[in-house]
Every structure is written in C-alpha cells, then in structure tokens.
Amino acid sequence: MKVCAILICALVQGSATECQRGRGAYELVELEHVNTAAGCKRVADDIRSGALPLPAGLRLVRRDMLPPKEKQSP
C-alpha cells in the first residue's frame, strides 16, 4: 500500500516562489488517509487553487505516492 506524500518548503522571506535552502527548509508530509493517486492529485490541486490553504510562508513543491514510513517503537 502507498500513501500520498507532499513535499512542502519554507519560502524565502518576501518571495512567493523561491524556497529556502538548508536544513529544515523542506518537509515531507504523509497523508495516510489518502491512498490513491487520484486522491493525492486532488489534494495537490486543492492546495494549488487555495481551496486547501497552506500556512503563510509555505509552498507545495511536489506530490507523490510513497510507501508509508515505518513506525518507530518508543
């Protein structure tokens, strides 16, 4: 089974498109409840259109279907 994963970045202050560089600028977010490519595309389209807004200063970089991360035991 695969889940939808979106890659987001922190924007350079004052830029609408340029991502910061360096550690912590990018984050991969897994959407475990979205497990079809069509569903993943819909989420990305909703983010791009503003129907599902990201917090200020963040930008959607890409979407993909990936195997879920293994849960780490405490």
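Read the figures in this text as sums done on the coordinates, not as results from a lab. The shown structure was predicted, so the numbers you read here are calculated from the model rather than taken from an experiment. No Cβ is skipped: glycine too gets one built from the backbone with ideal geometry, and neighbour counts run over all protein chains shown.
Do you know which of the residues in the range 1-34 that are within 11 Å of Leu66 (Cβ to Cβ) and touching a Lys or Arg at 6+ places or on another chain (Cβ under 8 Å) is surrounded by the most Cβ atoms within 10 Å (Cβ to Cβ)? Here the residue is Cys4. Please enumerate the residues belonging to the range 35-49 that are surrounded by 15 or more Cβ atoms within 10 Å (Cβ to Cβ) and among the aliphatic types (A, V, I, L, M). Matches in the range 35-49: Val43, Ala44, Ile47. If you go through the range 17-35 and keep only what is closer than 10 Å to Arg59 by Cα and free of Cβ contacts under 8 Å to residues at least 12 places away in the same chain, you end up with just Glu18.
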